[in-house]
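The block underneath contains the structure these notes are about, expressed in structure tokens.
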Amino acid sequence: MQNIHLFAEQKKTELLIFNNLEKIEMKNWIEKGSAVRLNHGAHRQVIGISDLSPDSLYDASKQHLSGEQFQLFKHWDPKHENSFEDDMTNEIEQWNHHMNELALNFAPEILSTRAYWKSVKQHVWFYSTATGLREDIRPCFMLELDVIARKNKKITKSNVTKSWLSPKHVHMKDIEKLVSYAAASALDKLQAKPFHSGTYSLVLGPLAAPGIFHEVVGHGLEADIAALTGAAFHNCKGEKIGSDKLNIVDDPTILGLPGSYNIDDEGITAKCTPLVESGRISNYLSHLHSNVESNGHGRVLNYAHPPLVRMSNTFVLPGEDAPEEIILETKSGIYIKNAFNGDVNMITGEFKIHVTEGYLIEDGKLTSPIAPSILEGDGRKLLRSIDRVGNDFQIHAEVRGGCGKLGQSPLPVSAGSPTVRVLNWEVQGIDS
């Protein structure tokens, strides 16, 4: 039995880039389109047009419809504003000036800053006979800050991100914390030295851990991946996979994050979905075409694509361990402060993460900054090796990138975690 869904979106994106105080790029663009989705068992077809007109969509799809299916268009009227209000206010130049001044005064080694300010406002509509007409507005205002330092011939860069619901929610203290964090990290990287590859206890900081768990756990618990024979989490619901301290959720309902929404792209109401509870798998992420009931994780890159099971905002929930005590308990280890460019085999759970900022831990103290390294291995083993979960939860928002899956990339997401300790892990150093 074939069923039909109608989908439409209008998205306004604004991008403003500063190199120090110079505005080097300013873009403002609107994307819009609508689609008929024909669903027949496992077969799905999308007929999309770059237009919101119901008549245009009808003309593009009518040869694929018959009988009562034409009646759907009587209920299809994606009424939209001609434009969203601009977010790129004069305040951004003031904030940027203050950020640049703070960074350059932080230390004489600080060379420059680069700031990426981005506003995204998306309006979506969905219709099916099961849900009726539903719509959602998804705003997000974001900042990605690079701070560059130089000493002699060595140049380093540190990066940090933040997102808000709108510019009205930005506070100067947020900006000052970002600058201090990024500037201190850039300076530390100037002192980074190669280290011996070997077995270490890993202390994953709250800006490094989110990306790692997104790759290692998030993809593996997407229902379409987990349904595959041989997948790391195939038929594992209820199985113990890690410490009792480990709790992971995917939550699209928190406003002001890149992965947030009120309904997913199949019209299902968003809700926080527990994935791992006290170390046991409790749910898989699912959509309308999963073998389990949808929990609102059907998402599309844009109107022209079929929905896939996708993460939104994936969080390791805070535990009770103080991060300072976690480090103090670690005799020999590596503190991973930041990591990026994660890659995972979604089937097996094998992963590789590039560590960009870190420190040796010797006798319970952070000592030498380390040169870049590679963290890789089996995701299930990593989960089993966790013994501490901190109380210092932080969120990393994807500003310029996003999540990729089956050609739909980059999809907006965020991830969050507190400090997490992993015992006895092989780490490969890279000579700088």
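For the stretch 359-415, which trypsin sites (Lys or Arg not before Pro) are both in a DSSP coil and crowded by at most 13 other Cβ atoms within 10 Å?
Values: sites: 365, 380, 381, 384, 388, 400, 405; in loops: 400.
Qualifying residues, ordered by number: 400.
If you average the alpha carbon positions of the stretch 26-92 and of the stretch 249-263, how far apart do those two centres end up, in angstrom? A separation of 22 Å, based on Cα centres.
Once C-alpha pairs closer than 8 Å and six or more residues apart are averaged by separation and normalised to the residue number of the chain, the relative contact order reads 16 percent.
For the chain, adding -39500 (n - 2.57) for each run of n ≥ 4 DSSP H residues and dividing by the number of residues yields -4000 deg cm²/dmol at 222 nm. Translational diffusion of the stretch 198-427, estimated by Stokes-Einstein from the Kirkwood radius over alpha carbon pairs at 4 °C in a medium of 1.567 mPa s, is 74 µm² per second.
For the stretch 109-216, trypsin sites (Lys or Arg not before Pro) meeting the loop criterion (DSSP other than H, G, I, E, B) and having at most 11 other Cβ atoms within 10 Å: 153. Comparing 229, 314, 13 in a Gaussian network model of the chain where C-alpha atoms under 10 Å apart are linked, the largest mean-square fluctuation is found at 229. Shown for the chain: the carbon plus sulfur share of the solvent-accessible area, taken with all protein chains present and a 1.4 angstrom probe, equals 48%. Checking the Cα-Cα distances for 193/331; 193/365; 118/153; 12/74; 189/245 against a 23 Å cut-off, the pairs over it are 118/153; 12/74; 189/245. The trypsin sites (Lys or Arg not before Pro) of the stretch 51-99 that DSSP puts in a loop, and whose beta carbon has at most 11 other beta carbons within 10 Å, are 79. Considering only the other residues whose Cβ falls under 9 Å of the Cβ of residue 241, what net charge follows from Lys and Arg at +1 and Asp and Glu at -1? Surrounding charge for residue 241 is +3. Between helix 172-190 and the chain there is an angle of about 50 degrees, using the helix long axis and the longest principal axis of the Cα atoms.
This model, with +1 at the C-beta of Lys and Arg and -1 at the C-beta of Asp and Glu, gives the chain a dipole about its Cα centre of some 520 debye.
Could you give the accessible area per residue of the stretch 198-427, probe 1.4 Å, as a whole number in Å²?
Value returned for the stretch 198-427: 37 Å² of accessible area per residue.
Computed from Cα atoms, the angle from the helix 91-106 axis to the main principal axis of the chain rounds to 20 degrees. Exceedance of the 29 Å cut-off in Cα-Cα distance is limited, within the set 154/337; 154/405; 27/352, to 154/405; 27/352.
Result for the chain in a Gaussian network model with C-alpha springs under 10 Å: among 108, 318, 258, the largest mean-square fluctuation is at 108.
Across 191, 71, 408, mean-square fluctuation computed from a Gaussian network of the chain (C-alpha pairs under 10 Å connected) peaks at 71. Entry note, the stretch 198-427: relative contact order of 29 percent, from Cα contacts under 8 Å with a spacing of 6+ residues.
In the chain, the alpha-carbon atoms span a convex hull of 139 Å³ per residue. Within the chain, which is the longest segment that contains none of the GluC sites (Glu not before Pro) sitting in a DSSP loop with at most 15 other Cβ atoms within 10 Å? My reading of the result: 86-238 is the longest stretch.
Protein heavy-atom accessible surface, 1.4 Å probe, per residue over the stretch 1-92: 57 Å². Of the beta bridges in the chain, as assigned by DSSP with both residues counted there, near 90 percent are antiparallel. Share of antiparallel DSSP beta bridges in the stretch 218-363, in percent to the nearest 5? Roughly 95 percent of the beta bridges in the stretch 218-363 run antiparallel, per DSSP. Separation of the stretch 391-409 from the stretch 283-306 is 18 Å, based on Cα centroids.
The values are calculated or read from the model by the stated rules, or taken from the named source; none is laboratory data. Remember, predicted model here, so these are calculated numbers, not experimental data. Neighbour counts run over all protein chains shown; Cβ positions are idealised from the backbone, glycine included. Accessible surface areas use protein heavy atoms only, side chains included; no ligands, DNA or RNA. Shrake-Rupley method; radii C 1.70, N 1.55, O 1.52, S 1.80 Å.
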